[in-house]
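> Here it is, the structure in full.
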Amino acid sequence: MRLNKLTLREIHLELIEPFQTSFDTSKHRRILLVEADVDGVTGWGESTAGEDPFYSYETVETAWHIIRDFIWPVLRGREFASSSEVWDRLAHIRGHHMAKGGVETAIWDAQAKGKNVPLAKLLGGVRGEIPCGVSIGIQPSVEKLLGKVERELAAGYQRIKIKIKPGLELEPVRALRARFPRIRLMVDANSAYTLADAPLLKQLDPYYLVMIEQPLGWDDVYGHVALQRQLETPICLDESIRGTEQARAAIELGACRIINIKLGRVGGHMAARRLHDLCQQNSVPVWCGGMLESGIGRAHNIAMSTLPNFSLPGDVSASRRYWDEDIIEPEVEVSPRGTIEVPTAPGIGYTPRIERIESLTRRREVLG
Ligand code: OSB
Ligand code: MG
């Protein structure tokens with residue numbers, strides 16, 4: 001297979017409502033879409049780089065620059081036996097996984113379409129449907145939070161994750177547990193705490209959370225070792241795990257018991273597969289994280305979530321929780337049992353709505 005052309009587009013999409021984390025409030029999404037022409041077949045990918053360098057150092061601007069000036073010159077016109085070779089070809093470019101992931105996932109979609117198979121099959125997926133959870137941003141009041149959780153549970157979602165930050169953790173968790181004693185509940189701090197907060201985080205132990213996600217610094221594997229020693233609640237790492245190297249350290253040292261895998265953070269399907277396999281060999285369950293993706297990134301998340309060690313519900317939920325109108329057809333829907341049926345059409349299995357994408361496009365560049 002040969003990569004003939006890449007088309008980069010920046011689209012702007014409004015979230016239905018603001019999404020607040022410990023580090024930011026997001027409402028206006030700038031999303032970098034990648035369209036790859038592989039042997040005349042079109043594949044689609046999404047770089048999950050954000051508007052600001054707050055979750056990771058990457059932004060839409062850095063991803064665009066790295067793709068145009070470094071990734072494209074390496075991949076243009078090259079022959080590949082499979083998309084699984086792309087990641088290793090890019091190994092000399094350090095970091096910038098969201099830039100790499102946008103391109104690599106688009107090439108996988110094209111390869112699957114060329115072979116006329118669903119992407120999930122090509123990746124080695126084993127599931128016909130995936131279990132879904134939701135990630136709920138920090139709410140203006142506990143009452144609002146309770147109402148929101150109630151609605152998501154009524155919709156069928158199997159696991160509730162709430163965002164927390166210092167001062168806004170004990171009260172919401174207490175209130176949720178009082179109202180919903182039996183649900184699968186977890187919290188995500190996005191690095192808002194320090195090791196000095198260990199006694200505070202320890203107070204969450206009685207609420208039997210499924211896990212606490214990324215309590216400490218984004219690059220602080222060792223801090224999480226010290227914290228996990230003090231907590232009953234399993235720690236799940238998100239930001240700290242960019243690939244198998246940090247994962248090996250985290251697992252061996254006891255920094256976490258669960259790992260969240262995001263295609264952008266790790267650099268695409270091949271890197272995700274390697275991380276998945278390492279976790280599986282070490283009996284560490286994984287789940288698929290989300291980055292407020294459009295339908296294209298969401299479709300890739302669904303395909304990845306069919307791998308066998310994705311044994312916990314992820315943050316992959318219905319299009320309508322984010323957008324008035326998504327950019328794919330059909331939109332991603334969740335069953336009353338809280339599952340997404342994995343599409344059986346070739347590639348990502350959802351059709352990008354080109355006219356809608358063009359009308360949302362603010363910037364476009366063709367490489368090829
Ligand atoms: O930490 O998982 C995270 C959104 C943006 C940045 C980081 C995170 C998140 C989410 C949202 O939790 C998950 C989603 O619904 O896409
Ligand atoms: Mg997270």
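> Which listed residue (Ala192, Thr7, Pro313) has the Cα farthest towards the positive end of the charge dipole for the chain, taking +1 on Lys and Arg C-beta and -1 on Asp and Glu C-beta about the Cα centre?
The Cα lying farthest towards the positive end belongs to Pro313.
> With all protein chains present and a 1.4 Å probe, how do Glu329, Glu150 order by accessible area, largest first? Display every interim value, and only then the final one.
Working: Glu329 110, Glu150 90 Å².
The ranking, largest first, comes out as Glu329, Glu150.
> Something else: Which value, in Å² rounded to 10, gives the accessible area of His65 with a 1.4 Å probe and all protein chains present?
We get 80 Å² for His65.
> Pull up the DSSP beta bridges for the chain and report the antiparallel fraction as a percent, rounded to 5.
Details: 33 of 54 bridges.
Expressed as a percentage, antiparallel bridges in the chain total about 60.
> Okay, moving on. Given the rule -39500 (n - 2.57) for each run of at least 4 DSSP H residues, summed and divided by the residues of the chain, what is its mean residue ellipticity at 222 nm, to the nearest 500 deg cm²/dmol?
Details: 14 runs with 122 residues, N = 368.
So the helix-based figure for the chain works out to -9000 deg cm²/dmol.
> For Arg184, which sequence-distant residues (separation of 5 or more, or a different chain) have an amide H within less than 5 Å of its own amide H, given hydrogens modelled in the peptide plane?
The answer is Ile160.
> Right, another one. What shape does region 14-153 have by the C-alpha gyration tensor, where a ≥ b ≥ c are the square roots of the eigenvalues, rounded means a/c under 1.5, and otherwise prolate means a/b greater than b/c and oblate the rest?
Values: a/c = 2.83, a/b = 1.58, b/c = 1.79.
In terms of gyration-tensor shape, oblate.
> Which aspartates and glutamates have a Cα less than 17 Å from the Cα of Lys202, not counting those fewer than 8 places away in the same chain?
Filter leaves Glu169, Glu171, Asp188, Glu213, Glu232.
> Let me ask another. Any idea how far the Cα center of region 49-118 sits from the one of region 184-234, in Å?
Computed from Cα coordinates, the inter-centre distance equals 32 Å.
> Heavy atoms only, 1.4 Å probe, whole protein assembly: order Thr339, Thr194, Thr42 by accessible area, highest first.
Largest accessible area first, the residues go Thr194, Thr42, Thr339.
> Out of residues 5 or more away from Leu307 or on other chains, whose amide H comes under 5 Å of its own, with H placed 1.01 Å from N in the peptide plane?
Amide H to amide H, under 5 Å and 5 or more residues apart or across chains, Leu307 pairs with Val126.
> Any idea of Tyr193's accessible area? Nearest 10 Å², probe 1.4 Å.
10
> Given a cut-off of 28 Å, name the pairs among Lys5/Lys113; Lys27/Lys113; Lys5/Lys163; Lys100/Lys165; Lys113/Lys161 whose C-alpha atoms lie farther apart than that in the structure shown.
Working: Lys5/Lys113 16 Å; Lys27/Lys113 33 Å; Lys5/Lys163 40 Å; Lys100/Lys165 31 Å; Lys113/Lys161 34 Å.
As for pairs spanning more than 28 Å Cα to Cα, those are Lys27/Lys113; Lys5/Lys163; Lys100/Lys165; Lys113/Lys161.
> Take Ile16 and Glu129, extend 7 Å from each Cα along the Cα→Cβ direction, and tell me the distance between the two endpoints in nm.
2.0
The values are calculated or read from the model by the stated rules, or taken from the named source; none is laboratory data. Small disclaimer: the values here were computed from a predicted structure and weren't measured. Note: ideal-geometry Cβ built from the backbone for every residue, glycine included; neighbour counts use all protein chains shown. In case anyone asks, the SASA skips ligands and DNA or RNA and just uses the protein heavy atoms, side chains included. Shrake-Rupley method; radii C 1.70, N 1.55, O 1.52, S 1.80 Å.
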